[in-house]
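All remarks here apply to the structure that follows.
Values quoted throughout were computed directly from the atomic coordinates according to the rules given, and no laboratory measurement underlies them. Computed from a prediction, not measured in an experiment: that's the story for all the values here. Neighbour counts run over all protein chains shown; Cβ positions are idealised from the backbone, glycine included.
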Amino acid sequence: MRQPHTASLPPGPPPLLSRPFDVNTIKAGGSDVVVVATEAERAALAQEYKLVGVDRLEGRFKVSGRGRTVSMKGLVTGDIRQTCVVTLEEFPSAVSEEVDLKYSEDVPEPRAQEGDEERSSEMIDAPDPIINGKIDLGALTAEFLALGLDPYPRKPGVETFAHEEDVGPAASPFAALAAAKRDDPT
């Protein structure tokens, strides 16, 4: 499963989709939380991710745990419109990404040094931080939308680039040398 780069309230500009969730409000059996992006948020995300449009974006999460450690499982789904990299035509697409994350208030600052692969591995597996008692489920929803996007979207049924059909096999860069060698009587 792919992991987000960050899943809590980062310093800096506010996220395009923000739904801070106070971990102190988690019920004994866990809390079900639904994040639904507004029309304005979907338009901002479409622009950010270079999509034609985001028609629907929703995150459904089960947040459980108490105290300093929290677990979250869920699903981020969306209906988007993309541009085909082959035909440049708009087409609809669906995104569905599973979420399975851990959070903790006891996450140390990353201090991996270059070449320290063991420490880097620990940071990847480490829980995400709970910042000021909150997790931003909106930012998490937007991150998993981004993770679910195909970087080279193709309209269904389109297999090859249009120019590949019109062009014959590529000539080897050594074809001219081979031809010259055949013509050389020595």
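Below, the figures for the structure above:
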| item | result |
| --- | --- |
| Additional length obtainable on full extension of the chain from Phe174 to Leu149, 0.36 nm per residue less Cα span | 5.1 nm |
| Table column - 3J(HN,Hα) (Hz), region 71-76, Karplus curve with 6.51, -1.76, 1.60, x for Gly and Pro | 10, 9, 10, x, 8, 10 |
| Inter-label distance, nm, simple model (7 Å from Cα along the C-beta direction), Lys50/Thr38 | 2.8 |
| Cβ-Cβ FRET estimate between Asn132 and Arg60, R0 fixed at 30 Å, reported to 0.05 | 0.80 |
| Footprinting exposure proxy for Arg60, Arg68 (fewest neighbouring C-beta atoms within 10 Å first) | Arg68, Arg60 |
| Amide H partners (placed H, <5 Å) of Val52, local residues excluded | Arg81, Gln82, Thr83 |
| Exposure proxy order (Cβ contacts within 10 Å, fewest to most) of Ile130, Ile135 | Ile130, Ile135 |
| Among 71-81, 138-148, 33-43, 18-28, the order from most to least packed when residues are scored by Cβ within 10 Å on average | 138-148, 71-81, 33-43, 18-28 |
| Inter-probe distance in nm under a simple model that places probes 7 Å from Cα toward Cβ, at Lys27 and Asp100 | 2.4 |
| DSSP-loop GluC sites (Glu not before Pro) across region 45-98, with at most 15 other Cβ within 10 angstrom | Glu89 |
